[in-house]
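The next block holds one structure in the form of structure tokens; read it before the comments.
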Amino acid sequence: MFEIQPARRTYDIHYAIRDIVVLANEVAKTGKKMLYLNIGDPNAYDHRTPQHVIDAVYKAMNDNYNGYSPSSGIKSAIDAIERDANRKGIDNILDIFVTTGASEAIEICLTALLNTGDNFLMPTPGYPLYTAVQGKLELVPNPYYLDEDNDWQPDVEDIKAKVNEKTKAIVLINPNNPTGSVCKIETLLKIIDIALEHNLLIIADEIYDKLLFDDNKHVSIASLNKDVSCVTFSGLSKNYIAPGFRLGWGIASGRQNVMSEYLEAVNRILRARLCANHPIQFAVSTALDGSQQHIVEMNKILQSRRDIVMNMLPNIPGITCVKPGGAFYMFPSIDVKDDKDFTVELIKETGVVVVHGEGFGQKPETHHFRIVILPNEDILKEAFEKIAEFYEKYKKSMR
């Protein structure tokens with residue numbers, strides 16, 4: 001009897017954030033108390049989807065908007081996304097499309113652009129979705145590094161050095177997952193120069209654009225130059241505390257004569273997969289045009305929780321962290337030989353669930369782990385007390 005063999009491309013698909021849950025579930029079965037600092041799902045903690053956003057979906061379902069929608073999305077959603085983009089300074093819009101989460105929009109746009117053997121410049125550390133798509137499309141990895149010594153800003157010189165004849169795009173995650181860094185305008189302008197010089201598409205992942213601390217201001221890269229080819233991504237999952245809605249979008253901007261053929265390819269894929277969830281799309285205009293008070297409150301809560309962790313870290317020799325300026329992640333540096341081994345042993349012994357830095361990419365000879373600052377203050381304090389106690393023992397075992 002012959003086994004059915006999977007496609008070769010699947011062996012390069014990894015997703016550390018979810019993969020680590022397999023181990024955590026096994027540890028939880030032993031009865032150990034678990035402290036989850038691993039999943040970027042606000043609803044899994046003490047955050048709730050705004051009621052007016054929920055009500056919009058409920059009304060749409062009752063009004064029988066339960067069939068297929070247009071492939072690119074319903075008009076009220078697209079119009080609201082355009083208004084929101086205009087408020088961010090993006091006013092040279094060529095196309096807008098609504099998708100099953102921003103993840104689908106990103107995968108569609110990469111699929112429409114890249115052939116086997118091509119590459120895109122991937123921020124490292126960065127969100128594992130991109131490396132998973134990279135493996136699925138059989139692309140050549142081409143990571144560029146964020147500079148930990150410069151508040152995790154993209155290393156522009158590294159980007160320049162990595163462009164080759166097979167490079168088709170630059171991915172920018174701003175604010176960044178996993179570091180929480182927010183790009184400075186001068187960095188964005190330099191990236192635009194590189195994109196224009198080499199005719200590269202900018203994939204601007206801005207899913208956390210409203211989650212900001214310390215009076216940081218988010219600037220959409222597409223707003224800084226009308227000629228640069230860009231697709232900007234966002235959605236309801238993070239800003240509007242609704243990841244399970246699976247509702248995101250892409251906003252294409254730039255020069256029509258440069259982007260038209262590519263955007264037709266994007267729309268061919270959109271049509272082939274029918275549409276995003278129809279009734280959920282009615283939440284978009286309500287979310288983007290309605291009250292934003294929950295964002296103000298959430299930012300205060302997240303900043304307070306970030307500060308709790310930042311205040312505890314100096315008490316743990318060997319662990320340091322660049323202060324995040326947005327999103328809800330922290331990416332501490334840790335003095336170990338293998339951050340995956342550290343993470344695995346931490347989960348087994350303490351029940352504190354974090355994600356190893358290797359799963360997001362990092363410079364050689366550096367080691368990190370990612371946490372979310374979504375849990376309440378008591379959980380964060382207890383978790384880092386356990387991390388400190390465990391790390392002291394772990395370091396002794398390394399000698």
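Dividing the mean sequence gap of close Cα pairs (under 8 Å, 6+ apart) by how many residues the chain holds gives a relative contact order of 25 percent.
How much length is gained on full extension from D91 to E349, taking 0.36 nm per residue of separation minus their Cα-Cα distance?
Working: separation 258, 0.36 × 258 = 92.88 nm, distance 5.26 nm.
Stretched fully, the D91-E349 segment lengthens by 87.6 nm.
Find how much the distance from T10 to T366 grows on full extension, using 0.36 nm per residue of separation minus their present alpha carbon separation; answer in nm with one decimal.
The T10-T366 span can extend by a further 125.4 nm.
The helix-only estimate of mean residue ellipticity at 222 nm for the chain, built from DSSP H runs of length n ≥ 4 each weighted as -39500 (n - 2.57), is -13000 deg cm²/dmol after division by the residue total. Projecting label points 7 angstrom from Cα along Cα→Cβ for R268 and K29 puts them 4.7 nm apart.
Rounded to the nearest 10 degrees, the angle from helix 377-398 to the longest Cα principal axis of the chain is 60 degrees.
Taking the highest mean first, how do the peptides 369-376, 130-137, 228-235 order by number of other beta carbon atoms within 10 angstrom per residue?
On the way: 369-376: 23.1, 130-137: 19.9, 228-235: 26.5.
Ranked by mean Cβ neighbours within 10 Å, highest first: 228-235, 369-376, 130-137.
At an R0 of 51 angstrom, the distance between the Cβ atoms of D55 and V258 translates into a FRET efficiency of 0.80.
Of H367, H47, H356, which is the most mobile in a GNM of the chain whose springs link Cα atoms less than 10 angstrom apart? Comparing H367, H47, H356 in the GNM, the peak value goes to H47.
Close amide H partners of I170, meaning residues 5 or more places away or on another chain with modelled amide H under 5 Å apart, are L121, L201, I202, I203. The angle separating the long axis of helix 185-198 from the principal Cα axis of greatest extent in the chain is about 60 degrees.
For region 119-199, state which GluC sites (Glu not before Pro) are in a DSSP loop and have at most 16 other beta carbons lying within 10 Å of their beta carbon.
Details: sites: E138, E148, E157, E165, E186, E197; in loops: E138, E165.
Counting only loop positions with at most 16 other Cβ atoms within 10 Å, the GluC sites (Glu not before Pro) in region 119-199 are E138, E165.
A short reminder: the numbers here are calculations on the coordinates, not readings from a lab. No experiment lies behind these values; they were computed from the predicted model shown. Neighbour counts are summed over all protein chains in view; Cβ atoms, including those assigned to glycine, are modelled from backbone coordinates with ideal geometry.
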